Amino acid sequence: MLSPNERARRMNAVKRISVSLALKDGERMPHDVPILTDSLIQMPNAPTAKELDAKKPIGTDSKGNRYFIHVRQDGRGQINIQNVSGLDRTIKFDIPEHYLPEDEGIPFDAPLFSTPLGYKETPLDHVTDSLINADEKYPVYLAQIPTFPVREWASFRDAIAGGEMAVGRFAFKQESQLLGLVADKGTQHLHMFFALLFPAGPLIAVALGFLFNFWWFLGLIAFPVIAFIGAKRVYNNAILRAAMRDERTFCFLFYCGQIHIVDHKNRKSYDWPKISEAWK
């Protein structure tokens, strides 16, 4: 059972997260907030704007969506987004510690920053914003991918963990710029090392062969093979790790054709080129 002060702290954190979401018109949660479920239902009776405002939403975005916030019994956060068309979207999430105010006695209606504490825009944020504006089909959530068998991120992760579904690499080509959007610096540097070793390896092998021992000439073949296998392994592992990090990154990599999904239960596979072609 949460104390009144702890509930107030968590309500302020949820408020900060809600403000950030509203600034993006509900299209993207802060990247460091772990989403548990994200569901959308159609209410039987669509409310009027006056009825929604009477419920005192925490805010309204540029599309007219009203935002309502809650702290659940287990201490997790919840945001409900409603509009006059009758759509009710419910997002449940864990509240990261760095979103919680240090002062437990902070009043719920205290002035807040327009962007949550701890949130930093990333290069991937800017790329996905551009894709959202450029392509109306770009999926921000699993529920926006046509024919996709799972609609909620938490259910998808459970299916992956249970072996019912699997994420695999789809594209053969390795794109260093894309890797820079989803991988850490260490992974990027390691991939760059193998990429440079591929053309430089034979030159190094020849130099070492003349300087030390003719056995180094085997590097003419060995170094490019090592570089190719190493770069491929580093790239594939980085993409697959990033795909399961959060829903936003998964949708980005799926849209870019970097990954595909295998549904073992129904013996089907899903990839964006196939889905987008059927969408036309």
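Values for this structure:
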| item | result |
| --- | --- |
| Cα-based shape type of the stretch 155-280, given that a ≥ b ≥ c are square roots of the gyration tensor eigenvalues and the cut on a/c is 1.5 | prolate |
| Highest-MSF residue in the chain out of Gly86, Gly64, Gly209 [GNM, Cα springs under 10 Å] | Gly209 |
| Choice from Lys92, Lys24, Lys63 showing the highest fluctuation, given a GNM over the chain with Cα pairs closer than 10 Å | Lys63 |
| Reported label for calculated Kirkwood radius over Cα pairs in Å given (1) 21.7; (2) 21.0; (3) 19.3 | (1) |
| Relative contact order (%) - criterion: Cα under 8 Å, at least six apart; region: the chain | 18 percent |
| Long-range HN-HN contacts of Gly59 with modeled amide H, under 5 Å | Tyr67 |
| Accessible solvent surface per residue of the chain, calculated while the other protein chains remain in place, 1.4 angstrom probe, Å² | 55 Å² |
| Surface share of carbon and sulfur [accessible, 1.4 angstrom probe, percent] for the stretch 143-244 | 69 percent |
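The values are calculated or read from the model by the stated rules, or taken from the named source; none is laboratory data. As the structure is a computational prediction, the values presented were derived from the model and not from experiment. For accessibility, only protein heavy atoms count, side chains too; no ligands or nucleic acids. Shrake-Rupley method; radii C 1.70, N 1.55, O 1.52, S 1.80 Å.
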